[in-house]
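Only the coordinates and a few stated rules stand behind these numbers; no lab work does. The structure displayed is predicted, hence computed values, not measured ones. No Cβ is skipped: glycine too gets one built from the backbone with ideal geometry, and neighbour counts run over all protein chains shown.
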Amino acid sequence: MRWYSSLLRSWPVSTNAVQGAVLCAVGDIGAQILERRDAPDVEPSTLGVRRCASAAAIGTAFGAFIYPTAYRILDARWPTTSIRTVLMKSVAEVATLGTVGNAFSIGGRVVLEGDGPSAACEQISREMMFVLKNELRLWLPWNVFLFALVPAHLRPGSTMLVEAGWTTYISWVAHRKDAATCV
């Protein structure tokens with residue numbers, strides 16, 4: 001753990017970028033495997049490389065830039081770790097990244113994989129309400145834990161660990177063609 005902390009202090013952008021890319025690519029691979037389980041006409045050993053690359057690109061953006069910037073802003077606005085400030089930061093993070101961040105993640109995947117902005121808007125419109133419900137279930141409790149107990153320099157990386165599982169869900173949501181259902 002000491003070497004990881006040292007890497008984060010010496011090269012925070014690079015370390016978080018690589019971690020974000022790898023974890024989100026793994027999350028997308030997980031989603032593809034789960035999807036293929038229910039699609040007998042698709043060869044189970046083939047994975048969408050472009051899809052995985054788009055997940056890695058989005059993971060890089062979140063790990064290296066979006067999460068660190070959001071956490072710096074929230075810590076500057078509410079610098080203490082009192083229960084009140086932890087709750088304020090947690091709600092503010094869900095209100096901003098939960099809405100804009102998830103829309104960017106879903107829409108970005110659709111666009112990066114070759115579909116146009118109109119397809120991205122349709123997918124976001126169809127899925128966003130259900131994604132936000134699940135956002136509250138996962139990220140609000142995570143944020144309370146994060147802002148109360150995790151040191152600032154470890155927050156983006158530790159969030160990316162949770163993000164790997166969330167990426168599996170978001171990747172599945174971004175690629176399903178049927179009507180949205182709350183999971």
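The distance separating the Cα centre of segment 63-91 from that of segment 127-161 comes to 11 Å.
Please compute the length gained on full extension between S118 and I73, using 0.36 nm multiplied by the number of residues separating them and subtracting their Cα-Cα distance.
This chain segment gains 13.0 nm when fully extended.
Between V100 and R126, the contour length at 0.36 nm per residue exceeds the Cα-Cα span by 7.8 nm. Using θ = phi - 60° in the Karplus curve 6.51 cos²θ - 1.76 cosθ + 1.60, the 3J(HN,Hα) couplings for segment 77-88 round to 6, 10, x, 9, 10, 5, 4, 4, 5, 4, 5, 4 Hz; x is entered for Gly and Pro.
For V22 and I83, the FRET efficiency from 1/(1 + (r/R0)^6), where r spans their Cβ atoms and R0 equals 30 Å, is about 0.30. Between amide H atoms placed 1.01 Å from N, distances below 5 Å from E113 occur with no residue 5 or more places distant or on a separate chain. Cβ crowding within 10 Å, taken as a proxy for footprinting-reagent exposure, orders Y71, Y169 from fewest neighbours to most as Y169, Y71.
Among M128, M88, M1, sorting on how many other beta-carbon atoms sit within 10 Å of each Cβ, with the fewest leading, yields M1, M88, M128. Counting every alpha-carbon pair across the chain, the share separated by more than 23 Å comes to 42%. The order of D115, D38, going from fewest to most other C-beta atoms within 10 Å of their C-beta, is D38, D115. Per residue of the chain, the DSSP helices (runs of n ≥ 4 H) give a summed -39500 (n - 2.57) that works out to -25500 deg cm²/dmol at 222 nm.
Per-residue packing, averaged as other Cβ atoms within 10 Å, sorts the ranges 20-27, 150-157 into the order 20-27, 150-157, beginning with the highest.
Only Lys, Arg, Asp and Glu carry charge here, each on its Cβ (+1 for the first two, -1 for the last two); on that basis the chain has a dipole of about 680 debye about its Cα centre.
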